[in-house]
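Everything below concerns the one structure shown next.
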Amino acid sequence: MASDAIWGPKSLPASADLSTYQFHFVKLNTSGQLALPAANGYAIGILQDKPTAQAQPGLVCRPGDISKIMCGEQISAGEFLATD
């Protein structure tokens, strides 16, 4: 029987060189590849590694996973996060 993990990081192809965006929010573009969201945009998770070219796999932590994240300012426990 085939199955897919519901939780845990997932590997998806990058839309471009995202090597400088490790631990930043990412979204899926219309081609199903990882891309950077716009300010206050929708994100599917946090990029965990440094894909250096289009179609290279990038590992993404999704909601419910534990990850580091790059923050633009100090945050407190319980605050909501948004892309900038």
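The values are calculated or read from the model by the stated rules, or taken from the named source; none is laboratory data. Worth saying up front: this structure is predicted, and the values here are computed from it rather than measured. Reconstructed Cβ throughout: ideal geometry from the backbone, glycine too, with neighbour counts over all protein chains shown. The area values use the complete protein model at the heavy-atom level, side chains included, leaving out ligands, DNA and RNA. Shrake-Rupley method; radii C 1.70, N 1.55, O 1.52, S 1.80 Å.
Here are a few things to note about the model shown:
- The charge dipole of the chain, taken about its Cα centre with unit charges on the Cβ of Lys, Arg, Asp and Glu (plus for the first two, minus for the last two), comes to roughly 160 debye.
- Residues considered: Pro51, Pro13, Pro63. Largest GNM mean-square fluctuation over the chain, using C-alpha springs under 10 Å, is found at Pro63.
- Per residue, the chain exposes 70 Å² of solvent-accessible protein surface, assessed with a 1.4 angstrom probe and all protein chains in place.
- Selection from Pro57, Ala43, Val26, by position along the positive dipole direction of the chain (Cβ): Pro57
- Restricted to Cα atoms, region 22-84 shows a radius of gyration and a Dmax of 11.9, 36 angstrom.
- Of the trypsin sites (Lys or Arg not before Pro) found in the chain, those that fall in a DSSP loop while having at most 15 other beta-carbon atoms within 10 Å are Lys68.
- Ligands, DNA and RNA left out, the accessible area of the chain computed with a 1.4 Å probe is 56% carbon and sulfur.
- Highest mean packing comes first when the peptides 19-25, 55-61, 73-79, 37-43 are listed by Cβ atoms within 10 Å, giving 55-61, 19-25, 37-43, 73-79.
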